[in-house]
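First the structure, in the form of structure tokens, and then the observations on it.
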Amino acid sequence: MIILRYLFFQAISFSLLLSINIIAQNQRDSLGRKQGYWKVYYPNSKHIEYEGLFKDDKPQGLFKYYYEHDTIKARIYFTKNGKVAYATLYHWNGKRMAKGKYLEQKKDSIWEFYNELGELINRENYLQGQRHGLSITYYDSTRVFEKKQYILNKKHGYFIQYFPDGKIKGMGYYKEDLPEGYFVYYAPNGTRVGLTTYKNGFLDGPNVIKEIDNKIKEKQLYRNGYEVSEKEIEEYFKQHPEVLNNEFGLDKDIIKLFDKKNEKNLQTKSSHMRIKKNY
């Protein structure tokens with residue numbers, strides 16, 4: 001009899017504790033602010049959408065987010081009363097998708113992005129939710145495809161592209177998201193095989209295509225996006241043989257700019273800039 005009473009008391013206690021625990025979840029104070037532990041489910045579902053702790057409507061510490069089939073979608077650690085968060089996002093298969101920092105709910109500083117195999121495919125700098133500074137795209141986790149620069153989400157500055165073996169594939173310059181000046185391209189053997197010239201986003205200047213053996217395949221001349229006459233083309237290249245002979249450009253300077261030892265300057269120089277808010 002004593003044992004039955006004990007078991008009955010334990011069952012009642014557990015049931016009461018469970019009820020209290022459920023009641024303690026998803027609470028709001030008199031001002032309507034979220035307080036304490038919250039566990040939120042997808043609509044009309046038994047699957048958890050997210051769970052975490054709130055204080056005065058501000059997320060605190062670790063939050064977990066889930067796909068509707070219950071696999072982890074994101075782990076986000078909130079600090080400084082919810083203003084700063086460090087996030088790791090996941091693909092549906094559990095592989096890491098991205099990791100980085102949020103500042104007041106906007107991407108900030110360096111973010112890394114991964115494919116469904118878990119390979120690094122992109123590393124970018126952010127400022128107030130916008131790409132700002134050096135951006136690197138990868139063939140896979142170790143081989144770089146492209147390095148370029150952004151200012152407030154617009155391509156601005158030099159870029160350089162590589163073949164999978166690390167040799168230079170092409171380079172050029174963007175000004176406020178528009179191509180500007182010389183764009184040059186190379187064959188895998190290192191021969192410069194392409195030159196295109198832009199002004200304010202339009203073709204403007206010489207355009208040269210060569211074979212791998214350095215023989216000229218095409219030569220054109222543009223003004224404000226339109227090709228000029230054959231006579232003007234011939235006169236231009238007579239006066240500027242250096243264009244056909246590859247005796248121009250800032251190739252070495254651009255290559256040096258994107259050397260690994262200089263990448264830190266590209267990352268931090270722009271990231272330290274701050275946007276003046278217009279209120």
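The values are calculated or read from the model by the stated rules, or taken from the named source; none is laboratory data. None of the values given here were measured: they were computed from a predicted structure. Note that we place each Cβ from the backbone using ideal geometry, even for glycine, and neighbour counts take in every protein chain shown.
Quick notes on this one:
- Of all residues in the stretch 108-119 being within 17 Å of Thr137 (Cβ to Cβ) and touching a Phe, Trp or Tyr at 6+ places or on another chain (Cβ under 9 Å), the one that is surrounded by the fewest Cβ atoms within 10 Å (Cβ to Cβ): Glu116
- Among the residues making up the stretch 129-149, those that are of a type outside the set (Asp, Glu) and more than 26 Å from Pro179 (Cβ to Cβ) are Ser141, Thr142.
- Ser135 vs. criteria in a loop (DSSP other than H, G, I, E, B) and not assigned by TED's automatic domain parsing to the domain that holds Glu112: no
- Among the residues of the stretch 120-129, those identified as buried (at least 16 other Cβ atoms within 10 Å of the Cβ) and within 17 Å of Ala85 (Cβ to Cβ) are Tyr126, Leu127.
- Residue in the stretch 169-176 that is among the aliphatic types (A, V, I, L, M) and at pLDDT 95 or above present: no
- Flag for Gly249 being under 16 Å from Met171 (Cβ atoms) and at pLDDT 75 or above: no
- If you go through the stretch 55-85 and keep only what is hydroxyl-bearing (Ser, Thr, Tyr) and surrounded by 15 or more Cβ atoms within 10 Å (Cβ to Cβ), you end up with Tyr65, Tyr66, Tyr67, Tyr77.
- Test: residue in the stretch 83-95 that is in a strand (DSSP E or B), under 30 Å from Gln35 (Cα atoms) and in contact (Cβ under 8 Å) with a residue 24 or more places away in the chain: yes
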